[in-house]
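A short write-up of the structure that comes next.
We did not get these values from a lab; they are worked out from the coordinates using the rules stated. Computed from a predicted model, the values in this text were never measured in an experiment. Cβ sites come from the backbone with ideal geometry, for glycine too, and all protein chains shown count toward neighbours.
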Amino acid sequence: MNMKKMRSAAICMLALAAALAGCQQAEPAGQAVKTPGPAPKEAEPISTDPVKLTVFKGQAISDDEWDQLLVQPLKKKYPYITLEPLSGNLADIIASGVVPDLLTQFNGYVTDFIPFNLLMDLTPLLTKHKIDLKQFDPVYLDALRVISDKGELYGLPYSTQFNALYYNKDLFDRFGVGYPKDGMTWDDAAQLAEKLTRKDGAVQYVGLSYEHISRLSSALSPDIVDMRKEKATVNNDLWKKVFELGHRINSIPGNVSTGNDEFIKNKRVAMYGTVNLLTKLTDAAKNGLNVGVAQYPSFKEQPNVYGYVDAHYMLISRQSKYKDQAMQVIEVFTSEEVQKLSARKFARLSPLQNPELKKQLAADIPMLGSLDLSPIFKSKPSPAPAFSKYYRDARKILMAQYDLYNEGQKDVNTALREADEEINKLIQGSK
């Protein structure tokens, strides 16, 4: 090739290179040319084939509640879902080859499900089903999240307990004592009990029953077992304060803590501090109990607090094959429509934030229409401790040691120290 042709070819190649460079500069510097990615995968529709879900009733639900709060609302909204209740010992149920799809339980016993590998975080399902968690009072969601090291949410609350001070108006009138006032401390309540505890004829009347030491302690949210460290946490000043308060109340001559029957049926307890009794008060009124409701007494350092969160939850089993349908059950159970019915007819306090639901409490229960329930709402729950899987058995040990102290068989320091030691032995023996 002669020099003229070579020069001409070089010029053409330079021109081509410049043209290519110009095309490349159409994209911003440092960015590769983007190619369309695959379209986002749409969520698979939830099957509407008929399905029967099993529900372990770890928390009591009456037959009427089961039918009206679950079966009928499901039939209306998701008619392809039916429910089969399971009761009894969970280990025996699973050993028989049946694994529940759903479970109900009080937050203090949710850790019972850990050994069976049943707990799962519902967050992805809640997002998928567009469940708005803002409708729930966060204190009830936190009561489950605190159990998880990762803050997982294992279930949703469908009902919550409250504490109140129920009192027998006739006994106050009989002994010429003014009714209990809202805003009382436990010291105030103890002083009032001294005026009412007496023997009249053959009957010993009890001024104040706090039910049991665990109930009395709940406003302070004390741990019994440190869930993370797996160690007892009862040999301390907090539990000593509770033990001594309980003992002070029971040291009033004739004042012995009792259960429901002594207040409701035998009518010999003037004041009874316990959980929701509203559904039992209809029969009590028929039996002649003239009852009033006052705000639950507080500790001075925790005013207007009636106890830690004691709520009832519905959870989905990790091993369920029908998790979407199980979430639809929870959606219905926690809906405002069902929660309103639950409050009005079954006197269940709702965990939803809607203040109107509080006004509906026990509205449809005969003979409670004139009962002023507003004192209940003057207190709020305190955050729940992180309940350990050893809580149930450790609590029994603690209560037994309190009884020995209360009966004068041990001093308070010995009772707490031995409770601590016995609980730690329980934990070590379970590993």
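Quick look at the numbers
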| read-out | value |
| --- | --- |
| Surrounding net charge for D112, when Lys and Arg each add one and Asp and Glu each subtract one, Cβ distance under 10 Å | +2 |
| P(r) tail fraction, segment 115-232 - alpha-carbon pairs more than 16 Å apart, % | 74 percent |
| 3J(HN,Hα) from dihedral phi, segment 226-239, Karplus parametrisation 6.51/-1.76/1.60, rounded to Hz, x for glycine, proline | 6, 4, 6, 7, 6, 9, 5, 9, 10, 8, 8, 5, 5, 5 |
| For segment 65-151, convex hull of alpha carbons as volume per residue, Å³ | 146 Å³ |
| Residues whose placed amide H lies under 5 Å from that of K231, excluding near-sequence neighbours | D226 |
| Rg/Rh for the chain, where both radii come from Cα atoms and Rh is the Kirkwood radius | 1.22 |
| Hull volume in cubic angstrom per residue (convex hull over the Cα atoms of segment 322-416) | 201 Å³ |
| Fewest-first sequence of E194, E337 by Cβ atoms within 10 Å of each Cβ | E337, E194 |
| Lysines whose Cα lies under 18 Å from that of K321, excluding same-chain neighbours fewer than 8 positions away | K52, K128 |
| Per-residue ³J(HN,Hα) for segment 135-143, Karplus 6.51 cos²θ - 1.76 cosθ + 1.60, θ = phi - 60°, Hz, x for Gly and Pro | 6, 9, 5, x, 4, 7, 6, 5, 5 |
| At R0 = 41 Å, FRET efficiency that the Cβ-Cβ distance of V98 and F175 yields, to 0.05 | 0.15 |
| For segment 215-330: span of alpha carbons on each principal axis (Å, largest first) | 57, 44, 23 |
| Charge dipole (the chain, unit charges on Cβ, about Cα centre) - positive-most of I249, L126, L69 | L126 |
| Pair L371, L133: separation of 7 Å Cα→Cβ label points (nm) | 3.5 nm |
| Segment 158-259: trypsin sites (Lys or Arg not before Pro) in DSSP coil with no more than 16 other Cβ atoms inside 10 Å | K181, R228, K229 |
| Amide H within-cut-off set for L53, under 5 Å, with H built and near neighbours excluded | T82, L83, E84 |
| Lys pairs under 22 Å by Cα in segment 133-219, provided they are eight or more residues apart or on distinct chains | 5 |
| Charge sum, other residues only, whose C-beta stays under 15 Å from L196's C-beta, Lys/Arg counted +1 and Asp/Glu -1 | +2 |
| Nonlocal amide H pairs with S382, under 5 Å, H built at 1.01 Å | Y306, G307, Y308, V309 |
| Per-pair calculated FRET efficiency, R0 = 25 Å: Q319 and S148 via Cβ, rounded to 0.05 | 0.90 |
| Which of L86, L126 has the fewest Cβ neighbours within 10 Å, and the rest in rising order | L126, L86 |
| Value at 222 nm in deg cm²/dmol, rounded to 500, when DSSP H runs of n ≥ 4 in the chain each add -39,500 (n - 2.57) | -10500 deg cm²/dmol |
| Number of Lys pairs (Cα under 19 Å; 8 or more positions apart or on different chains) in segment 339-400 | 8 |
| Kirkwood Rh, Cα atoms: Rg over Rh of segment 192-247 | 1.18 |
| Cβ-based charge dipole, segment 232-366, positive-most Cα from F299, M271, F333 | M271 |
